Amino acid sequence: MEKKLAAHRALIVRLLIGIGIVVAISLWTFEASTGLISDYDRYGYPYLVTVFCVSFALLFVVPRWQRLAEWLAYLGFASYCIAAVFSFGTLDPSTRIYTIANTLQWMPLMYVTAYIFFRRWEAIAAAAIVFALSIAALVWVLATGETATWDMIYGSLIVNSYVVHLLTLIALSLFVLTNQAFERMRDEAQVLESAAFSDSLTGVANRRGLERILMRHAERPIHPMALILLDMDNFKGVNDLHGHLFGDRVLQAVVESVSQGLRSSDVLGRWGGDEFLVLASDTSLEDARQLADRLRQAVGRLPASTSGGVTLSAGITTWDGRGGLEEALRRVDRALYVAKEQGRDRTALEQAEPSA
């Protein structure tokens with residue numbers, strides 16, 4: 001999952017920088033052809049295009065330098081915007097209103113891209129610093145007295161734009177911090193859910209967790225599910241002879257051995273005491289028998305120092321989600337009883353009756 005997210009993020013970064021190249025070249029061409037280009041942008045656009053092209057090339061030629069490419073593109077764009085604010089006081093009156101408005105409307109992208117390119121706290125710091133520097137640049141322009149001839153239109157445009165910038169920065173920061181709190185609460189909820197539906201000793205599902213899976217299957221019966229009830233033969237004797245701490249280690253060793261023999265879609269849970277239930281979806285009775293035999297044999301091969309010499313008996317039935325869960329559990333329990341009665345360390349099957 002993390003690899004997929006990283007690949008998706010890398011694609012977004014490439015698209016943004018690639019689009020930045022196209023937009024910068026388009027604005028450069030348009031403004032140059034219409035006479036709207038400022039003296040600053042005669043040098044600013046070539047600088048911006050060069051920075052974006054170098055960053056874009058790094059992403060493909062040296063992928064391990066992705067973070068360097070991201071920082072280069074971001075700092076290049078941020079320095080272009082901040083320097084553009086410094087140039088406000090020297091703009092030609094004929095193109096001044098266009099250049100100021102054009103610069104201010106693109107600047108919020110500095111804050112948005114920070115949260116795309118960088119980690120959470122890096123993004124907050126980078127966006128805040130860039131905003132502060134742009135304010136400092138504006139203060140410098142006002143302090144030099146080069147704006148004395150401006151009318152209220154320029155002042156209103158700049159004030160309104162910077163208010164929007166500040167609100168954008170605050171909204172992005174609050175969104176990120178709120179999302180962080182949500183992720184923390186989700187992780188805590190997952191931990192609590194795991195504790196509620198997992199066996200603390202073995203780490204597999206507990207009885208409550210197994211019952212929840214079975215009830216979901218009952219609500220959406222699509223494929224038959226095999227129920228394999230495993231019981232550790234003579235486990236009480238192991239506890240009596242070696243003590244409960246050793247018995248706990250035996251339980252963990254048996255669970256590990258059984259887990260290694262299951263498919264990724266199978267579910268193993270502790271049904272109670274030394275009984276474990278395997279839920280094998282889309283599995284026939286014969287396939288379940290073969291699976292149970294493999295699991296028994298795997299546990300039988302464990303050294304006595306690890307397993308205490310225990311073996312497994314297995315009872316099997318299938319359930320299509322209909323006919324009642326209690327009846328399916330009674331069938332698998334009867335099958336296990338037969339396996340025990342026949343001498344233990346064996347598998348017994350209980351065929352489900354055909355649904356009406």
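Summing Cβ point charges (Lys, Arg +1; Asp, Glu -1) relative to the Cα centre of the chain gives a dipole of roughly 420 debye. Potential lengthening of the chain between THR306 and VAL139 amounts to 52.6 nm, from the contour at 0.36 nm per residue minus the alpha-carbon distance. Seen against the Cα atoms of the chain and their longest principal axis, helix 96-106 is set at about 10 degrees. Put simply, the Cα atoms of the range 197-356 extend 50, 33, 24 Å along their principal axes, the longest span coming first. Protection proxy ranking for 298-309, 121-132, using the average of other Cβ atoms within 10 Å per residue and placing the highest first: 121-132, 298-309.
In the context of the full set of protein chains, residues of the chain present 54 Å² of accessible surface per residue (probe radius 1.4 Å, heavy atoms only).
When the convex hull of the Cα atoms of the range 1-120 is projected onto a plane and the area is averaged over all directions, what value comes out in nm²? Intermediate values should be presented prior to the final figure.
On the way: hull surface 30.4 nm².
Orientation-averaged projected area of the Cα hull: 7.6 nm².
For the Cα trace of the range 236-279, dividing Rg by the Kirkwood Rh returns an Rg/Rh value of 1.04.
Couplings 3J(HN,Hα) for the range 251-263, derived from phi with the Karplus relation 6.51 cos²θ - 1.76 cosθ + 1.60 (θ = phi - 60°), are 4, 5, 5, 5, 4, 4, 5, 5, 4, 5, x, 9, 6 Hz, where x marks Gly and Pro.
Above 23 angstrom, tally the Cα pairs of the range 64-212 and express them as a % of all pairs, no decimals. Write down the numbers at each step before the final one.
Values: 5832 of 11026 pairs.
Here the long-distance tail beyond 23 Å is 53 percent of all Cα pairs in the range 64-212.
Taking the range 246-270 and a reference point 7 angstrom along Cα→Cβ of SER200, the backbone N atoms nearer than 19 Å belong to 246-253, 269-270.
Can you give the helix-only mean residue ellipticity at 222 nm for the chain, where every DSSP H stretch with n ≥ 4 adds -39500 (n - 2.57) and the sum goes over all residues, rounded to the nearest 500 deg cm²/dmol?
On the way: 13 runs with 243 residues, N = 356.
Taking each H run of at least 4 residues, the total per residue is -23500 deg cm²/dmol.
With everything on Cα atoms, drop me the angle between helix 207-219 and the longest principal axis of the chain, reported from 0 to 90° to the nearest 10. For helix 207-219, the angle is close to 80 degrees. Each peptide in 67-78, 97-108, 159-170 was scored by the mean count of other Cβ atoms within 10 Å over its residues; highest first, the order is 67-78, 97-108, 159-170.
How much space per residue, in cubic angstrom, does the convex hull of the C-alpha atoms of the range 69-145 take up? Spell out each step's value before the answer.
Numbers: hull volume 5.7 nm³, N = 77.
Given the Cα convex hull of the range 69-145, per-residue volume reads 74 Å³.
Working note: Cα atoms of the range 272-356, range along each principal axis, descending, whole Å: 50, 23, 22. Over the chain, the alpha carbon radius of gyration divided by the compact-protein estimate 2.2 N^0.38 Å works out to 1.66. A full extension of the chain between ARG220 and ALA181 corresponds to an added length of 10.6 nm, given 0.36 nm per residue minus the alpha carbon distance. Within the accessible surface of the chain, defined with a 1.4 Å probe on protein heavy atoms only, the carbon and sulfur portion equals 62 percent. Ranking TRP150, ALA83, ALA73 by how far each Cα lies toward the positive end of the dipole of the chain (charges on Cβ) leaves ALA73 at the top. Evaluating 6.51 cos²θ - 1.76 cosθ + 1.60 at θ = phi - 60° for every residue in the range 17-32, the Karplus couplings come out as 5, x, 5, x, 4, 4, 5, 4, 5, 5, 5, 4, 5, 4, 5, 5 Hz, glycine and proline recorded as x. Here the Karplus curve 6.51 cos²θ - 1.76 cosθ + 1.60, taken at θ = phi - 60°, turns the phi angles of the range 107-112 into couplings of 4, x, 5, 4, 6, 5 Hz, with x standing for Gly and Pro.
Here is the P(r) of the range 30-78: all C-alpha pair distances, binned every 5 Å from 0, give 5, 22, 23, 17, 13, 9, 8, 3, 0 in whole percents.
The values are calculated or read from the model by the stated rules, or taken from the named source; none is laboratory data. This one's a predicted model, so the numbers in the text were calculated from it and none came from an experiment. Note: ideal-geometry Cβ built from the backbone for every residue, glycine included; neighbour counts use all protein chains shown. Calculation scope for accessible area: heavy atoms of the full protein, side chains included, ligands and nucleic acids excluded. Shrake-Rupley method; radii C 1.70, N 1.55, O 1.52, S 1.80 Å.
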